[in-house]
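Colleague: One structure follows; several queries about it will come next.
The values are calculated or read from the model by the stated rules, or taken from the named source; none is laboratory data. What you are looking at is a predicted structure, and each value in this text was computed from that prediction instead of being measured. Cβ sites come from the backbone with ideal geometry, for glycine too, and all protein chains shown count toward neighbours. Note: accessible area is taken over every heavy atom of the protein model, side chains too, but ligands, DNA and RNA are not part of it. Shrake-Rupley method; radii C 1.70, N 1.55, O 1.52, S 1.80 Å.
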Amino acid sequence: LLDDIGKYELSLVAYKEALRIRQLVLGKMSQEVADTLFCIGNVATVLEKETDALGNYTDAIDILESLIRDATGSQQKNIDDTMLFISNPKSCSVELSTNYEKLTQCLEEALPLTKLVMGSDHPSVYDLLVRMGDSYMKLNDYDNAIGSLMGALRARRGDNPGSGDDEEVAFFLP
């Protein structure tokens, strides 16, 4: 609500208090904490506090990736893909899919800030793009996955154009 009326400084204080309470009640590794960190990152971006915003996005990304890793391990036992046709993508629970969507959104927000704060040729740009590609693949969004992975290749090369992008991207794909 405070964001909607342009009270960003007050909104930042409210989000930080909500974060403190959620961490006390739910622990540091919860979806709600990640959501709050993402909101704090959004407000910090509007306030042009890029470094703070990037830190909050990074923390949210770390939490979401951890939740996905934990859920993926337990989900592997619960999913029986043997009855699916070979051409179907692997099954993904609604909760896991939601976590991947939120992770992708955090990565998309963190990428321009990483480029701004650290530079376009920083290894963190490559890392974020690879992670985005992986997240898109889990969501079966292969067009964006390939775009992210090709961007990662360009970032790793230092934006030097080269041939063989398709073969190198194919290396990343399962």
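Colleague: Using a 1.4 Å probe on the protein heavy atoms, what percent of the accessible area of region 11-50 belongs to carbon and sulfur?
Modeller: 60
Colleague: For region 95-132 and region 1-51, write down the distance between their C-alpha centroids in whole Å.
Modeller: First find each Cα centre; the distance between them is then 19 Å.
Colleague: Then there is this: Multiply the residue separation of Lys16 and Gln105 by 0.36 nm, subtract the distance between their alpha-carbon atoms, and state the gained length in nm to one decimal.
Modeller: Full-extension gain reported as 30.0 nm.
Colleague: Among the chymotrypsin sites (Phe, Trp or Tyr not before Pro) in region 109-156, which ones are in a DSSP loop with at most 11 other Cβ atoms within 10 Å of the Cβ? Mind listing them?
Modeller: Here no loop site has a sparse enough neighbourhood.
Colleague: I would also like to ask the following. Report the extension gain between Val25 and Asp143 in nm, rounded to one decimal, defined as 0.36 nm multiplied by the number of residues separating them, less their alpha carbon distance.
Modeller: Length gained, Val25 through Asp143: 38.5 nm.
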